[in-house]
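Beneath this line is the structure, given in structure tokens, with notes to follow.
Values quoted throughout were computed directly from the atomic coordinates according to the rules given, and no laboratory measurement underlies them. Please read these numbers as outputs of a predicted model, since none were measured by experiment. No Cβ is skipped: glycine too gets one built from the backbone with ideal geometry, and neighbour counts run over all protein chains shown.
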Amino acid sequence: MSKKNTIDLDFDRQHIWHPYTSMTQPIPVYPVTHANHNIIHLETGEQLIDGMASWWSAIHGYNHPVINNAMVEQINSMSHIMFGGITHNSAVELCKKIVNITPPSLTKVFLADSGSVSVEVAIKMALQYWLSQGITTKQKLMTPYKGYHGDTFAAMSVCDPVNSMHSLYSGFLPEHIFVPAPVSKFGSQFNQAEALELEEYFKAHHSQVAAFIIEPIVQNAGGMNFYHPDYLACARKLCTQYNVLLICDEIATGFGRTGKLFAVEHANIEPDIMCIGKALTGGSMTLSATITSDKIAIGISEGEAGVLMHGPTFMGNPLACAAACASIDLLLEQNWQQRIKQLNTQLQQLNKCSELDDVADVRTLGAIGVVELTDKAGNVNVAKIQAYFVEQGVWIRPFGKLIYLMPPYISDDASIKTLCDAIYNAIEGKHYV
Ligand SMILES: *Cc1c(COP(=O)(O)O)cnc(C)c1O
């Protein structure tokens, strides 16, 4: 029996790279025909409850009519136009919103096409700023271990050296200064020894360091570490004291995910440069932004180059900007704080996983839930556990020893329960081995 619209999995396997996979031993991919609300529809007929929000991005779920309508309206006027020498309403309205919702000192917006690129731009801003001040020694970055900032080279150079396999690119990758990852947990006591240790690094290296780059409050792809806001506050203080810029990478944490609109708010600090992406368009289009202060922007603009040396072809893409405007409005129009709180309460059903021998830790923050397996249990067999999850009607994609949920904000209680139960059953039944 021939079926309409069959997705050619054989071609896919032969010719198409997927994220972080081998071309000869790829793990299976599941053919999706459409997604709606928090449900992913497979071509094979299964319906999966989404636990991943497409890597932090689809906060309003899929196929949201308000975002769709905004995009259709934009397509009907223009889906793209160059940003060099031209501006348009969707970009202007979006940047107004961004300036409004991010920390008050951040006033200048650079629109880029992906999170990694916004990190590249942030790094360029920092380097160009110090050059503009006549300081030529600040050529390095400082960053904690366990960070993740993207896959392009400059971004990769500040990712955890082990997770991002720096050794593969040694000799090519710039070498930066790594400091210990934050240890004190969110919600527990802050250990002052961490502050003192961090200060030693600033003391020793500040004359070479252009910027300290960190994911605020949650180190995401590098280990789902929820750390104490005092660590971030301390980093802010040391940056100011030692003339180092602070870059906060809010690409994963932004737009409410941790319970605050931006995670920097947990520590009541303002970075010099901030990157946002992922949920910016509600997961509908790729778009990111790097936002900085008057001081940095004016410095760069009055420096030797006189301009910021960056300008992607699809900068300020109108379609993405229109989607982002709609997504931000959707978020702010609702009592999102209450929504995130309720999701957090539901995600605490993961706590029962603590009773399983293979579980080292269970933690939740905002709309993020994490189950970490013990070293003895080892890394998850992703292909195997994913097959089990699909059988259970859920979409969850673990990495390493971490099985985690970051569901769309529109997920109902029953969906979260199903997701939490699936994780418990997968570990109890050892479906990850
Ligand atoms: C995903 C992510 C990036 C990279 O964004 P891309 O859009 O994948 O390039 C950078 N930083 C953090 C914290 C991220 O989670």
Self-check item: Among the listed pairs K352/K401; K96/K140; K185/K295, those beyond 22 Å (Cα-Cα)
Solution: K96/K140; K185/K295
Quiz item: When the chain is treated as a GNM, springs tying every alpha-carbon pair under 10 Å, which of G283, G316, G85 comes out with the largest mean-square fluctuation?
Solution: G85
Quiz item: Which of N351, N89, N68 moves most in a GNM of the chain, Cα contacts under 10 Å?
Solution: N89
Quiz item: Given P31, H205, F11, which one lies farthest toward the positive end of the charge dipole of the chain, if we put +1 on the Cβ of every Lys and Arg and -1 on the Cβ of every Asp and Glu?
Solution: H205
Quiz item: Over the chain, what is the percentage of antiparallel beta bridges among all DSSP beta bridges, to the nearest 5?
Solution: 70 percent
Quiz prompt | Added length on full extension, which subtracts the Cα-Cα distance from 0.36 nm per residue, S207 to V162 | solution = 13.6 nm
Quiz item: What residue among Q128, Q25, Q241 has the largest mean-square fluctuation in a Gaussian network model of the chain, using Cα springs under 10 Å?
Solution: Q25
Quiz item: How much length, in nm to one decimal, is gained on full extension between D8 and T21, taken as 0.36 nm per residue of separation minus their Cα-Cα distance?
Solution: 2.8 nm
Quiz item: For segment 68-332, what percent of Cα pairs sit more than 22 Å apart?
Solution: 54 percent
Practice problem: Note down the nm distance, to one decimal, between modelled labels 7 Å out along Cα→Cβ at N69 and at Q133. | Solution: 4.8 nm
Self-check item: Cα gyration tensor of segment 337-414 - equivalent ellipsoid semi-axes, whole Å, descending
Solution: 22, 16, 10
Exercise. Only Cα pairs under 8 Å and at least 6 apart count here; give the relative contact order of segment 68-332 as a rounded whole percent.
Key: 31 percent
Quiz item: For M309 and D361, what does the FRET efficiency come to when R0 = 56 Å and r is the distance between their Cβ atoms, rounded to the nearest 0.05?
Solution: 0.80
Quiz prompt | Label-to-label distance, nm, for residues given as Q241 and K295 (7 Å Cα→Cβ offset) | solution = 1.6 nm
Quiz item: Rounded to the nearest whole Å³, what is the per residue volume of the convex hull around the Cα atoms of segment 1-112?
Solution: 198 Å³
Quiz item: Could you give the length gained on full extension between V99 and K376, defined as 0.36 nm per residue of separation minus the Cα-Cα distance, in nm?
Solution: 95.0 nm
Practice problem: Please report, in whole Å, how far the alpha carbons of segment 159-297 spread along each principal axis, starting with the longest. | Solution: 44, 39, 33
Quiz item: Roughly speaking, what is the centre-to-centre gap between segment 49-120 and segment 185-230 when only Cα atoms are used, to the nearest Å?
Solution: 30 Å
Quiz prompt | Estimated [θ] at 222 nm from DSSP helical runs (n ≥ 4, -39500 (n - 2.57)) normalised by residues in the chain, nearest 500 | solution = -10500 deg cm²/dmol
Quiz item: Going through segment 238-333, which GluC sites (Glu not before Pro) have at most 14 other Cβ atoms within 10 Å and a DSSP loop state?
Solution: E304
